[in-house]
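Bear in mind that the values in this text are calculations on the coordinates, not laboratory data. Here the structure is a predicted model, which is why all the values come from computation and not from measurement. Here the Cβ positions follow ideal geometry from the backbone for every residue, glycine too, while neighbour counts run over all protein chains shown.
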Amino acid sequence: MTFLSVCDLCVRYGRVEALSGVSLSLREGEIVTVLGANGAGKSTLLRAVLGATPSQSGSMIFNGQDVTKLAAHERIARGIVLVPEGRRIAISLTIEENLLLGAHLRRDMVQIKKEIEGIYERFPNLGSRRNLLASCLSGGEQQMLAIGRAMLARPKVMMLDEPSLGLSPLFVTKVFDLIKELNRDGLSVLLVEQNAGKALAVAHSATVLELGRVMMSGDPQTLAADPRLQEAYLGEAST
Ligand SMILES: Nc1ncnc2c1ncn2[C@@H]1O[C@H](COP(=O)(O)OP(=O)(O)OP(=O)(O)O)[C@@H](O)[C@H]1O
Ligand SMILES: [Mg+2]
């Protein structure tokens, strides 16, 4: 069953048309990846799905409800959560305070504390430094913190904007392993990636954006074998 469906989305920044009639759908429990060159509109798409960037037209159904007119905080409360490009960790706050930011729309403190402990179990590097400033973390650890923070918002669909960008090969593998693990636990994922090879390997479905339009979409194996995609995104740099 379709869980998230974006239909005919158009987003402009002044005269720049960043998205022109983009449609995309995700079934519950799936990983859908969105690929595309720099400036293709990938981040704009995720921010528009979150409701943080206004769209000129288009509609969006999530979990059986029309959410087109909802503000970002209302979409987050329904389970649409974004791990933004560049992670956006608050480096002047502690690791624990960063995690609590993810739960700011919630009031169930006891359960929140329990989930934070669960995150520390999953990421001992965060747990052992919970009261230190987030600035002490490496890029890879900050990405784990950003994902942990998003988990505290109780996502039903987690959108990740280039989570492996700038990370060491070890952390790239860790990030992809974590995405697979969260997905196995039932989380639906909308994943924007530059690392097309790895993204296609974990995804159930893929969409390629070019200059704000859907250039191709479908089954990841078919896309991975497509010469147009091979040429553009599956060069030696991405494997
Ligand atoms: N706030 C903004 N104001 C004006 N133009 C913007 C703004 N944000 C993005 N754009 C433009 O919209 C287009 C799509 O940008 P977007 O950031 O969504 O692309 P992207 O696919 O995420 O690129 P990247 O791979 O570099 O992250 C680009 O032409 C970009 O310059
Ligand atoms: Mg981007």
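Some values worked out for this structure:
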item: Within straight-line cross-link reach of Lys174, aspartates and glutamates at Cα separation under 12 Å, skipping those fewer than 8 residues along the same chain; result: Glu141
item: Of Arg15, Arg106, Arg122, the one that fluctuates the most in a GNM where the chain has Cα springs shorter than 10 Å; result: Arg15
item: For the stretch 142-220, alpha-carbon Rg over 2.2 N^0.38 Å; result: 1.10
item: Calculated FRET efficiency for the pair Asn63/Asn38, C-beta based, R₀ 30 Å, to 0.05; result: 0.40
item: Using alpha-carbon coordinates, inclination of helix 109-122 to the longest axis of the chain, degrees; result: 80
item: Amide H contacts of Gly21 (H built 1.01 Å from N, under 5 Å, at least 5 apart or other chain); result: Leu9, Cys10, Val11
item: Relative contact order (%) - criterion: Cα under 8 Å, at least six apart; region: the chain; result: 27
item: For the stretch 48-157: relative contact order, % (alpha-carbon pairs under 8 angstrom, 6 or more apart); result: 36
item: Three semi-axes of the equivalent ellipsoid, the stretch 68-181, Cα gyration tensor, whole Å, largest first; result: 21, 18, 13
item: Helix-only [θ]222 nm of the chain, DSSP H runs n ≥ 4, -39500 (n - 2.57) each, per residue, nearest 500; result: -11000 deg cm²/dmol
item: Length added when fully stretched, Asn131-Ala72, from 0.36 nm per residue minus Cα-Cα; result: 18.3 nm
item: Ala232 paired with Ser138, simple spin-label distance in nm, labels 7 Å along Cα-to-beta-carbon; result: 3.3
item: GNM result for the chain, Cα springs below 10 Å: residue of Leu82, Leu133, Leu145 fluctuating most strongly; result: Leu133
